[in-house]
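Working notes, beginning with the structure itself.
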Amino acid sequence: MAEYIKLIDVSKCTGCRGCQVACKNWNSLPAEQTMFTGSLQNPKDLTYNTWTLIRFDEVVKDGQLHFVMRHDACMHCDWPACVKACPSPGALVKMPEGAVVHNPTYCIGCKACIAACPFDIPRNNPELEKMAKCTLCYDRITEGKQPACVTACPTGCLTFGLKEEMVEKAHKRAEAIGGTVYPNNPKYETHVLYVLPAGIAADDLSHTNANPSMPLSVLLWKNLFKPFTLIGMGAVIGGAFLHYLTKGPHKVHEKKEEGGE
Ligand code: SF4
Ligand code: SF4
Ligand code: SF4
């Protein structure tokens, strides 16, 4: 199965927010009340109805001011902490193409994925108690289409393609402009890559994680506690089934009101 990567060349972003609008449009996400909070970033943060956001950063380096606009969304991790942390089978699934998709039907609103994500991406819908995030437009890419945000980008900042080709493209572009590829951690690979402009490091920007890793709590949960929990759940279900086979269905005892029939 072919794997894909979304490549974000930050040096080409003009902050037009075409990608932000296209994401809402394709995923039928409602608009939100916007407000001025000191920068052009609007809304202020990702929400369950805003799966991608252009982050505006003003970086002063070597006496020079840099305006950096960056498309921020789920990184579609290779070994996703959110999937490992999730206790509800089917709520978050890593697909062979690289996308990490969520299924609200199975989400129990426990927020374990939110706590585990090293990039602080998933957001909870407090009314539904369900999480939401970018899906890498899984419904589009499996039909041979590009993600909606990529098709809307007028500058070539966003591109999408086969993993090997995009990795090569990212490193060539970084070399050409004297920039860097982010994230660059062979132990925590992602299906979204950035090319950062010359002189700008991931740590200079807001809402980045230059050193992503699987949280220790998730490793313990996944390897130590989760199997026992699932075995326990299986034992309860098995016991209930055995009881049904041997004793038949439970009878519901309704308390009769005094003086009733
Ligand atoms: S960035 Fe966070 S939400 Fe997205 S796949 Fe990685 S761990 Fe999951
Ligand atoms: S890949 Fe699709 S879901 Fe993700 S930010 Fe782009 S348009 Fe939104
Ligand atoms: S559409 Fe492209 S240029 Fe416009 S804000 Fe998004 S990433 Fe930047």
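The values are calculated or read from the model by the stated rules, or taken from the named source; none is laboratory data. A quick note: this is a predicted structure, and the numbers were derived from the prediction, not measured. Every residue, glycine among them, receives a Cβ derived from its backbone with ideal geometry; neighbour counts consider all protein chains shown. Only protein heavy atoms, including side chains, enter the accessible area calculation; ligands, DNA and RNA are left aside. Shrake-Rupley method; radii C 1.70, N 1.55, O 1.52, S 1.80 Å.
Quick notes on this one:
- Overall form of the stretch 1-80 per C-alpha gyration tensor (a/c, 1.5; a/b vs b/c): oblate
- Net charge over other residues, Cβ less than 15 angstrom from the Cβ of A31 (K, R count +1; D, E count -1): +2
- Length gained on full extension, N223 to T151, computed as 0.36 nm times the residue gap minus the Cα-Cα distance: 21.9 nm.
- The calculated FRET efficiency for V60 paired with A31, based on their beta-carbon distance and R0 = 41 Å, is about 0.80.
- Residue order for E175, E97 - accessible surface, 1.4 angstrom probe, largest first: E175, E97
- Candidates A22, A198, A91: whichever shows maximal mean-square fluctuation once the chain is modelled as a Gaussian network with Cα springs under 10 Å: A198
- Cα centre as origin, Lys/Arg/Asp/Glu Cβ charges: the chain dipole, Debye: 340
- Among beta bridges identified by DSSP and lying wholly in the chain, the antiparallel ones come to about 85 percent.
- The stretch 98-203: relative contact order as a whole-number percent, Cα under 8 Å and 6+ apart: 17
- Rg(Cα)/(2.2 N^0.38 Å) for the stretch 1-213, N = residue count: 0.98
- Largest GNM mean-square fluctuation across F67, F160, F119, computed for the chain with C-alpha springs under 10 Å, falls on F67.
- Take the Cα of D203, step 7 Å toward its Cβ, do the same at V21, and the gap between the two points is 3.8 nm.
- Derived scalar couplings ³J(HN,Hα) [the stretch 115-120; Karplus, 6.51 cos²θ - 1.76 cosθ + 1.60; whole Hz; x for Gly, Pro]: 5, 7, 4, x, 10, 6
- Positive dipole terminus of the chain, leading residue within S28, P118, M214 (C-beta point charges): M214
- Label-point separation, L40 to S213 (7 Å along Cα→Cβ), nm: 3.7
- In plain terms, the chain is cut at each of the trypsin sites (Lys or Arg not before Pro) found in a DSSP loop with at most 10 other Cβ atoms within 10 Å, and the longest leftover piece is 1-186.
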